[in-house]
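Below you'll find the structure, written out as structure tokens, and then a few comments.
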Amino acid sequence: MAQRRIRIGIDTGGTFTDVVAFEEDTGELVTTKTPSTPSNPADGFINGVTKVLDLMGATGQDVTAVAHGTTVATNKLLEGKVERLGFVTTEGYEFMLEIARQAVPDGYGNSYFWVKPPRIVPADAVRTVGGRMDFQGNEIRPFDEASAVAAAHWFRDHGITTLGVCFLHSYADDSHELAMREVLRREHPEAIVSISSEVLREYREYERSMTTLVDAAVKPNVSRYVTNIQQRLAEIAPDAAFSIMKSNGGVLSADEVVHQPITTVLSGPAAGALGAGLIAKRAGFPKVLTCDGGGTSTDVSVVLDGEPTLTTEGTVGAYPSKIPMIDVVTVGAGGGSVAWVSPEGTLKVGPHSAGADPGPLCYGKGGTEPTITDAHVVLGRIPPHLLGGEIPLDVEAARTGIDELAARLGIDPVRCATGILEISAWNQANALRQVSVKRGLDVRDFMLTTFGGSGSLLACRLVDILDLAGVVVPQNPGNVSAFGLLTVDVKNDYVQTMVSKHTALDHAAVQKTFDHLTDRAAKALDGEGFPRDAHRYTRTVDLRYFGQAFEVRVTAPDGLVDEAYAAHVAESFHEAHRTLYGYDFSADPSQQVEWVNLRVTGIGPITRPELRELPTRGGRSSEDPPGQGTADLPNNRTRREVCFDADQGYRDTPVLWRPDLRAGDTFDGPAIVEEFGSTVPVHPGFTVRVDSIGNLVITRATTTTTTTEGAR
């Protein structure tokens, strides 16, 4: 029998580990889920691999590649569980982290009350070393090896084994940082060291220092986790290439990730945004907000023409991380988010989560507090089981918990349960506003793509709150993040600061820097096994008007850098500035343009799975006039009592089994659509159309949604 070629994507969430397998020769896609194992996430990973191979009748010998989205780095930072770090910086700059930036959360009206959070490195764990470079990389004072040795000995004697090194202007010349690393290797060999010129070769010392320290902080955990999986995966699938999802929307081999772990801080959410973007673009929707609802949190992002928006101004928890990452906002509103009563006697939801263990009350695993999932079960919006019946739910336990919470609040239990979901919906809506309205986007022009196990449960309510155009629910929405992992190219980012006014730009120097960054990207792709003729490179440049504090990033074309090339990039900057801020200075020669950072991204393309079209019912085209609603659908086989509104109470509602739906089917709410990994409650006043690739397109019954391909 011929050897099969199977690629597997695995996304580890707080409650479930999602798995998608793609057989390259046949195009077959197989999806499944398995419970996550928070005590050792690698267990859930391996369970997922073996489960999907069993479903396909395959063995580990058939696996060619495994891509993984992980939250190990993210959770460590979000939980603030950072072991003691040490920081080495330039003499005279020991309070760099304390000074930080002058920005105050919620504006300066909060400045009397806001207390700076604890620094990632306390002041007593900072050591300075003599030596100084200027911003052009000229050595002003030589590296002081004696003070470097003293610093290494101090960290060694105090048992601090994780260190970050950031010297002033090392983005221009990193020789002093390299010398410091050699001293640490010699004098403190147990130390795990991150140096800023390798993590982020970009100016602004505070952000570069913080990014370097975050990299150092997660390096031990990520290294242990990845190494553990590599060893166990090699026993099952010895020939499989193992890669990790990066925050920038690319993947990197596990061998390389352990050297740059900060690139994985938004690993899981990035995969979901990419998968949802690809599906929405294929469905003909160019403007999409994504909502990835899991057991612990909900991640939201913006996708334009199939590409999620990127930022380098992101944060993870309390820590700024100036690396390229998909612009994701996370809110603590997942299925396991706990409902509780504040000291003032008001109902609150999240951000504390029951997670996978013990989980919601209905899991019957020792949970003690009602959660969002419990509210959905009590209201009948999800069935009394998960994963197609693999995990039965204890509805009575959930009802008892909601009853007790309602009694403490002095309200009716049904109103309590709907109140929990209303608060959760507004939490998600506020996160969606952060990535859209606050970026100047009109959400009325956007469809919402919902996925994740709980992402679609509040979809109709989000349409009402935000006045969205509608909702797109992909097939197997609980596995969209894992599917996204199979659509991701290998991607490496390289940056070099080169501050220069446009009128004095040294075109040859810019060309030399682009060539150097491209060479680094090429070598990295060589190491990933991509032939040179498959390499692709993209250039971007950060520019600003002279005197501005922050930059705007624009795409720069390939080709020789000369005066015409530079003028084209500057014009692109004017246009981007006008789009972002509503004005530009292109007609005012006194406002000079300044070039700041040059960037090159190396891309190694992979073969993406094709989204197959869904069969139609009885030979009818998906563009034919719709049927007469749920009564026409052969899968309208069960009903149950469901509450969509506390004032209207429970109502008899049809339950549809999604795998039985066909392209072109339409039906109106109220209805419940169930499948193996998720459930979609369709509220009264909404209508559903199944498009050609199996998406549920949900709109208000009084509106008509069109795609770029025309109305289907």
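The values are calculated or read from the model by the stated rules, or taken from the named source; none is laboratory data. The structure presented is a predicted model; accordingly, all values stated were derived computationally and were not measured. For neighbour counting, all protein chains shown are included, and Cβ atoms are generated from backbone atoms with ideal geometry for every residue, glycine included. Ligands, DNA and RNA are excluded from the accessible area calculation, which covers all protein heavy atoms including side chains. Shrake-Rupley method; radii C 1.70, N 1.55, O 1.52, S 1.80 Å.
Within the same chain, lysines fewer than 8 places from LYS501 are excluded, and of the rest, those with a Cα less than 21 Å from its Cα are LYS512. In terms of the mean number of neighbouring beta-carbon atoms within 10 Å, the peptides 692-700, 638-646, 367-375 order highest first as 367-375, 692-700, 638-646.
Taking amide H atoms as placed 1.01 Å from N in the peptide plane, the amide H of HIS68 lies under 5 Å from those of ILE10, SER243, ILE244, MET245, each 5 or more residues away in sequence or on another chain. To put it simply, the accessible area of the chain at a 1.4 Å probe is 51 percent carbon and sulfur. Here the 3J(HN,Hα) profile of region 231-243, calculated from phi with Karplus coefficients 6.51, -1.76 and 1.60 at θ = phi - 60°, is 5, 6, 5, 4, 6, 8, 10, x, 9, 7, 7, 10, 10 Hz, Gly and Pro shown as x. Dipole orientation for the chain: of the candidates PRO615, ASN479, CYS362, CYS362 has the Cα lying most toward the positive pole (charges on Cβ; Lys, Arg +1; Asp, Glu -1).
Along its principal axes, the chain has C-alpha extents of 81, 65, 55 angstrom, given from the largest down.
Remark: the ILE99-ALA123 segment gains 7.5 nm on full extension, using 0.36 nm per residue and subtracting the alpha carbon distance.
For LYS281, no lysines have a Cα closer than 18 Å to its Cα, not counting residues fewer than 8 places off in the same chain. Entry note, the chain: the mean residue ellipticity at 222 nm calculated from DSSP H runs of n ≥ 4, each adding -39500 (n - 2.57), is -9500 deg cm²/dmol after division by the residues and rounding to the nearest 500.
Taking every DSSP bridge with both residues inside the chain, close to 70 percent are antiparallel. Distant-in-sequence amide contacts of ASN597, defined by a placed amide H-H separation under 5 Å and a gap of 5 or more residues or a different chain, comprise MET498, ASP542. Listed by chain and number, the lysines whose alpha-carbon sits under 25 Å from that of LYS219, ignoring those within fewer than 8 places in the same chain, are LYS76, LYS81, LYS246, LYS322, LYS491, LYS523. Here the extension length gained between GLU396 and ALA701 equals 106.3 nm, from 0.36 nm per residue of separation less the Cα-Cα distance. Close amide-amide hydrogen proximity is noted between HIS352 and VAL338, each under 5 Å apart and 5 or more residues distant or on a separate chain (H modeled in the peptide plane; Pro and chain starts excluded). Scattering from the C-alpha atoms of region 465-582 alone, worked out with Debye: what is log10 I(q)/I(0) at q = 0.15, 0.17, 0.20, 0.24 1/Å? Ignoring solvent entirely, the Cα scatterers give -0.87, -0.97, -1.11, -1.36. Compared with the dominant principal axis of the Cα atoms in the chain, helix 395-409 is inclined by about 70°. Here the calculated FRET efficiency for PHE546 and LEU178, from their Cβ-Cβ distance with R0 = 30 Å, stands at 0.40, rounded to the nearest 0.05. Calculated from the alpha-carbon coordinates, region 240-356 shows an Rg and a Dmax of 16.3, 55 Å respectively. Per the Debye formula on identical point scatterers at the alpha carbon atoms of region 383-510, with no solvent, log10 I(q)/I(0) at q = 0.13, 0.15, 0.22 Å⁻¹ is -0.82, -0.97, -1.26. Extending 7 Å from the Cα toward the beta-carbon at both THR555 and LEU55 defines two label points whose distance is 3.5 nm. With the Kirkwood sum run over all distinct C-alpha pairs, region 1-75 has a hydrodynamic radius of 12.6 Å.
Here the Karplus relation 6.51 cos²θ - 1.76 cosθ + 1.60, evaluated at θ = phi - 60°, turns the backbone of region 431-446 into coupling constants of 5, 5, 5, 4, 8, 10, 4, 5, 9, x, 9, 8, 5, 5, 8, 10 Hz, with x for every Gly and Pro. Highest mean packing comes first when the peptides 215-223, 199-207 are listed by Cβ atoms within 10 Å, giving 215-223, 199-207.
Subtracting the Cα-Cα distance of ARG444 and ARG186 from 0.36 nm times their residue separation leaves 86.9 nm of extension gain. Each residue of region 671-684 is assigned a 3J(HN,Hα), and the resulting list reads 7, 10, 10, 10, 8, 4, x, 6, 9, 10, x, 9, 6, x Hz, derived from the Karplus form 6.51 cos²θ - 1.76 cosθ + 1.60 (θ = phi - 60°), x at Gly and Pro. Quick one: go through region 41-69 and flag any residue whose amide nitrogen is under 16 Å from the point 7 Å out along the Cα-to-Cβ line of ARG224. Under cut-off, by backbone N: 41-43.
Shown here for region 1-99: GluC sites (Glu not before Pro) in loop regions (DSSP other than H, G, I, E, B) with at most 10 other Cβ atoms within 10 Å, namely GLU79. Packing, as the average of other Cβ atoms within 10 Å across residues, places the peptides 346-354, 231-239 in the order 346-354, 231-239, highest first.
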